[in-house]
Amino acid sequence: MTHPDIGFPERWAAFNQRNDKFVTDCYPGLVKTAEKMLNRHVSIKTVGDDIIFLLGRTAFEDYCELWVLAGNGYGIGAYKILRGLYEKVVTLGYLVKHQSEIQRFCDYEIVQRKRLMNRVKEDPHVRARFSKAAYEEIDKAHEAIKGQFLDAKGRSLSWTLLDTFSLAKKAGYDLDKISVAGYVIPTLKIHATVSDLAERKAPQGDGTFKFNNEPQEQYADSALLTATHLLITALFVHEDYFQLGLRQELGELQLSLAQSYEPR
């Protein structure tokens, strides 16, 4: 049996040609700097160090995943990754500027885990995977923190009362100015929406249509550009928090990105 090849070489060739200046001039330096900042051994002195580093590192992981989809012509898939990347970078920027809320962000994970365990207990196929002690442990942890995530009427709250756009404005770094490209449009791609479905139709001219499975090059390139901007922003946030002495290098990356897409 022949193993399947994952990916489309002809789509990668077209992608590299369309984004030639970026791939040649900006991308190598971007990866080098990102790996220098995000593949290092981190001394964890506070819970903030932990959360801030991991938000940035997982943002880089999202970027790498998006790159694979975009290069293979899956522009809509790249936009789905872009939605999560934007949220991570916004949260990263916000928490660095509002470090008193980092513990609340962490505590909310207990609420999410409690909800998960409640669902697990209701599922006969998986509930036995956890011991009675495990259920009791999460119940006890949740009891200790649940008050801060309930409103006056006892309704559940998230870790923040702010919506994503409001978080972006408070995070700074001009993240609110790219919310349409980084959040609004991608959100339409991850949910069941008529607008997304309509784009997938390819009318055949005889009253019929088929699914449009052609490469989504425009989305791929747009997602790449926005994602790169977000990744560089995440690196700036890391620099502001960890003080690694790389601000000049990051500024050069920012300039290289802008020059990569200047009209020829």
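Key figures
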{"read-out": "The chain: angle of helix 27-38 to the longest principal axis, Cα-based, in degrees nearest 10", "value": "10"}
{"read-out": "Cα long-axis angle, helix 102-122 against the chain (0 to 90 degrees, to the nearest 10)", "value": "80"}
{"read-out": "For region 107-264, the Rg and Dmax computed from alpha carbons only, in angstrom", "value": "22.9, 66"}
{"read-out": "Mean Cα-pair separation over length for region 150-247, i.e. relative contact order, pairs under 8 Å, 6 or more apart, %", "value": "15"}
{"read-out": "Kirkwood Rh and Cα Rg combined as Rg over Rh, evaluated for region 90-164", "value": "1.05"}
{"read-out": "Hydrodynamic radius of region 139-187 per Kirkwood, over alpha carbon pairs, in Å", "value": "13.0"}
{"read-out": "Taking region 1-121 and dividing mean pair separation by its residue count, relative contact order in percent (alpha carbons under 8 Å, at least six apart)", "value": "26"}
{"read-out": "Region 85-131: proportion of alpha-carbon pairs further apart than 14 angstrom, %", "value": "64"}
{"read-out": "Pairs beyond 22 Å (Cα-Cα), from LYS97/LYS146; LYS114/LYS146; LYS45/LYS177; LYS97/LYS169; LYS80/LYS177; LYS80/LYS170", "value": "LYS97/LYS146; LYS45/LYS177; LYS80/LYS170"}
{"read-out": "Rg followed by Dmax, in Å, when region 1-105 is reduced to its Cα trace", "value": "17.1, 57"}
{"read-out": "Square roots of 5 times each gyration tensor eigenvalue, C-alpha, region 181-235, largest first, Å", "value": "29, 13, 6"}
{"read-out": "Sites matching trypsin sites (Lys or Arg not before Pro) across region 40-113 that sit in DSSP coil, with at most 10 neighbouring C-beta atoms within 10 Å", "value": "LYS45"}
{"read-out": "Under 20 Å from the Cα of LYS132 - aspartates and glutamates, other chains or at least 8 residues apart", "value": "GLU122, ASP123, GLU143"}
{"read-out": "Portion, in percent, of the accessible area of the chain that falls on carbon or sulfur, probe 1.4 Å", "value": "55"}
{"read-out": "Estimated D of region 65-112 in µm² per second, where Rh is the Kirkwood radius over Cα pairs and Stokes-Einstein applies at 20 °C, 1.002 mPa s", "value": "172"}
{"read-out": "Euclidean distance of C-alpha centroids, region 107-154 and region 201-264, integer Å", "value": "38"}
{"read-out": "Accessible area per residue in Å² at 1.4 Å probe, computed on the chain", "value": "58"}
{"read-out": "Cut-off 14 Å between beta-carbons: net charge of the residues surrounding ASP196, Lys and Arg +1, Asp and Glu -1", "value": "+4"}
{"read-out": "Solvent-free Debye scattering, log10 I(q)/I(0), computed from the Cα coordinates of the chain at q = 0.09, 0.10, 0.13, 0.15 Å⁻¹", "value": "-0.54, -0.66, -1.00, -1.18"}
{"read-out": "Positive-end residue of SER131, GLN248, SER260, charge dipole of the chain with Cβ unit charges", "value": "SER131"}
{"read-out": "Percent RCO, i.e. relative contact order, over the chain, from Cα pairs under 8 Å lying at least 6 residues apart", "value": "32"}
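The values are calculated or read from the model by the stated rules, or taken from the named source; none is laboratory data. Computed from a predicted structure; not experimentally measured. When we count neighbours, we look across all protein chains shown, and the Cβ atoms used for this are built from the backbone with ideal geometry, even at glycine. Surface areas here come from the heavy atoms of the whole protein model, side chains and all, with no ligands, DNA or RNA. Shrake-Rupley method; radii C 1.70, N 1.55, O 1.52, S 1.80 Å.
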